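The values are calculated or read from the model by the stated rules, or taken from the named source; none is laboratory data. The shown structure was predicted, so the numbers you read here are calculated from the model rather than taken from an experiment. Backbone-built Cβ (ideal geometry, glycine too); neighbour counts: all protein chains shown.
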Amino acid sequence: MHDRIRDARMLERVVTAEQAAALINPGMTVAMSGFTGAGYPKAVPQALAARMEAEHDAGHPFRIKVLTGASTAPELDGALAKVDGLELRLPYQSDPTMRARINAGELDYIDIHLSHVGQYTWYGFFGDIDLAVIEVAGVLEDGRLIPSSSVGNNKTWLEQAGKVILEVNRFQPAELEGMHDIYYGTALPPNRKPIPMTSPEDRIGEPYLRVDPDKVIAIVETNGPDRNSPFNPPDEASRQIAGHLLEFLEHEIKRGRLAETLLPLQSGVGNIPNAVLEGLAAGGYRGLTAFTEVIQDGMLKLLKDGVLKMASATSFSLSRAGVDEFNANVDYYRERIILRPQEISNHPELVRRLGCIALNGMIEADIYGNINSTHVAGTRIMNGIGGSGDFARNSYLSVFMSPSTAKGGTVSSIVPMASHVDHTEHDTMIVVTEQGLADLRGLAPKQRARIIIENCAHPDFQPMLQDYFDRACRDSYGKHTPHLLGEALSWHQRFVETGSMKPAG
Ligand code: 0RQ
């Protein structure tokens, strides 16, 4: 019954989710596990939400600050947002209820590079962490913890939090034991040492999380699956984007700038990255590696087929079918997947050293290559920057991909000026839409604009972009990065007013 909790001291602390939630007080800063819908606590946040609702009904305010690894699930972000239980959330979310509250101005959200969260906590930038709520797969005899399906910031949370509540989830496969690599060599400046990793395959830490047993105030046993978003086969636009990118990679191999085994891949989540992964398999690639954040269904398939020989990440993000596949062949995948803390999976030092190929989605790119990954019309947050910045700035190749239009073709993803900038023109090397690919390496601003408009814009918007650029080249205040400042964001304003970037008539 309690076979997942092998430490007798810990067994004495097993309580219900409601009893554990009663230990959380209004105003607390609570750090929770969870990354891309994996390894988040499943019971305590829901019990807490019920308690908050009751307190709110009685006229008592009850809100807390919540820090995680990245996005969680309806049982955590959704439940707490629904009852208006949050005053601050960081560093990433993708929950519709929470997004609506943030965009209604009811909840403060800090969108942070995922590799920065651990060190900012250590630096004290977020104040004290009162409590951590961490899902694990088990507790060893000596109190060390078997991590769950994501590692995220759990090492930091367990070390920095004043108190700890554990959720031991027996639904997570026991075979996860041994897959993780928790690096305990991080120090604070000026005492930092190089991180001893020169290949994504290197193990530099230990398979377990450490926790001071005196800090563990409650343990809750759970038995539930992760979020397990459905996996959709790539659509036509995604396949075309993947096709352009694969042609580009072949060209780079021919030019001798990439080996046939490429370089470690970082792949964002979603339809387009999955299409790229499928394309790599079809293209005959073998023996590749991934140094990335998240293992999706597409990567499992590549691992199975030998296209990828191994993958390093911080989390799984699998569909239900992906979980079944993982569980059915767990011994195979264990040998080929390493899960690390997100400060290591996304570490700029390592991304630069390994020379990753970063493949990320975007909301829009402007004609000079500034990338907006986060804000629709510059003001409405979608998800967050996530790990895209950690990888984009430091990779060997930094690629941003999107269909050339959104919202049924009424919105152009290539715009005169980005309405919010997450990745500057200095960090963007390649922009790809279903229309084509723009290789911006070694190009000056006006050269970049010509090729982005020519190769990436949708025909419905291309003449408007060309016209804007031509007039900007003639009339701009400065001619280095020509803009018509009074007009640069007019496409977005039109979208806000009419729901379309297309001019009336
Ligand atoms: O919204 O569903 O309400 O219509 O944005 O767009 O086309 O489904 O694309 O799921 O790949 O997401 C940039 C958001 C793309 C994602 C982004 C609207 C569109 C739709 C989603 P609706 P799609 P994707 C590692 C990497 C930042 C984090 C990151 C992202 C919704 O890739 O969050 O890179 N990236 N992490 O309609 C108005 C536009 C739009 C637009 C898209 N130009 N204008 N709306 N949308 N383009 C992983 C982690 O860090 C965890």
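Structural remarks
- Strands (runs of 3 or more DSSP E) contained in segment 126-170 and holding at least 2 residues free of Cβ contacts under 8 Å to residues at least 60 places away in the same chain: 161-169
- Criterion applied to ALA100, ALA31, ALA20, ALA81 was being of a type outside the set (Lys, Arg), outside any loop (DSSP other than H, G, I, E, B) and within 15 Å of the ligand (Cβ to nearest atom), and the one residue passing it is ALA100.
- Any chance LEU107 is buried (at least 21 other Cβ atoms within 10 Å of the Cβ) and either small (Gly, Ala, Ser) or farther than 17 Å from ASN346 by Cβ (or both): yes
- Of the set (1) in contact with a Pro (Cβ under 7 Å, 6 or more places away or on another chain); (2) surrounded by fewer than 20 Cβ atoms within 10 Å (Cβ to Cβ), all apply to PHE291 but (2).
- Filter result for VAL14 (away from the ligand (no atom under 16 Å from the Cβ), surrounded by fewer than 18 Cβ atoms within 10 Å (Cβ to Cβ), under 23 Å from ILE219 (Cα atoms) and among the hydrophobic types (A, V, I, L, M, F, W, C)): yes
- Total residues in segment 342-375, condition assigned to a loop (DSSP other than H, G, I, E, B) and within 10 Å of the ligand (Cβ to nearest atom): 5
- Of the candidates GLY384, GLY378, GLY389, the single residue that is more than 8 Å from the ligand (Cβ to nearest atom), part of a loop (DSSP other than H, G, I, E, B), touching a residue at least 12 places away in the same chain (Cβ under 8 Å) and not hydrophobic (A, V, I, L, M, F, W, C) is GLY378.
- Filter result for the condition that a residue is surrounded by fewer than 18 Cβ atoms within 10 Å (Cβ to Cβ), aromatic (Phe, Trp, Tyr), more than 14 Å from the chain's Cα centre (by Cα) and more than 20 Å from THR36 (Cα to Cα), over TYR332, TYR285: TYR332
- PHE326 vs. criteria part of a helix (DSSP H, G or I), more than 16 Å from the ligand (Cβ to nearest atom) and touching a strand residue (DSSP E or B) at 6+ places or on another chain (Cβ under 6 Å): no
- The conditions of being under 25 Å from SER150 (Cα atoms) and either modelled with pLDDT of 95 or more or among the acidic types (Asp, Glu) (or both) are not met by LEU262.
- Search result, residues across segment 392-426 that are within 11 Å of the ligand (Cβ to nearest atom), within 22 Å of LEU350 (Cα to Cα) and assigned to a loop (DSSP other than H, G, I, E, B): ASP422
- Only one entry in SER238, SER229 is closer than 30 Å to GLU75 by Cα, small (Gly, Ala, Ser) and within 16 Å of the ligand (Cβ to nearest atom), namely SER229.
- A Cβ distance below 7 Å, combined with a sequence gap of six or more or placement on separate chains, defines the contacts here; from segment 229-258, residues that are of a type in the set (A, V, I, L, M) reach residues that are modelled with pLDDT of 95 or more and assigned to a loop (DSSP other than H, G, I, E, B) in the pairs ALA237/PRO403; ALA237/GLU434; ILE241/GLU434; LEU249/LEU258; LEU249/LEU262; ILE253/GLU260.
- Qualifying residues in segment 259-279 (those that are in contact (Cβ under 8 Å) with a residue 60 or more places away in the chain, among the small types (Gly, Ala, Ser) and buried (at least 24 other Cβ atoms within 10 Å of the Cβ)) - the one farthest from the ligand (Cβ to nearest atom): SER267
- Residue count, segment 168-211 (criterion: hydroxyl-bearing (Ser, Thr, Tyr) and surrounded by fewer than 17 Cβ atoms within 10 Å (Cβ to Cβ)): 3
- Subset of segment 64-77 [away from the ligand (no atom under 16 Å from the Cβ) and not in a strand (DSSP E or B)]: PRO74, GLU75
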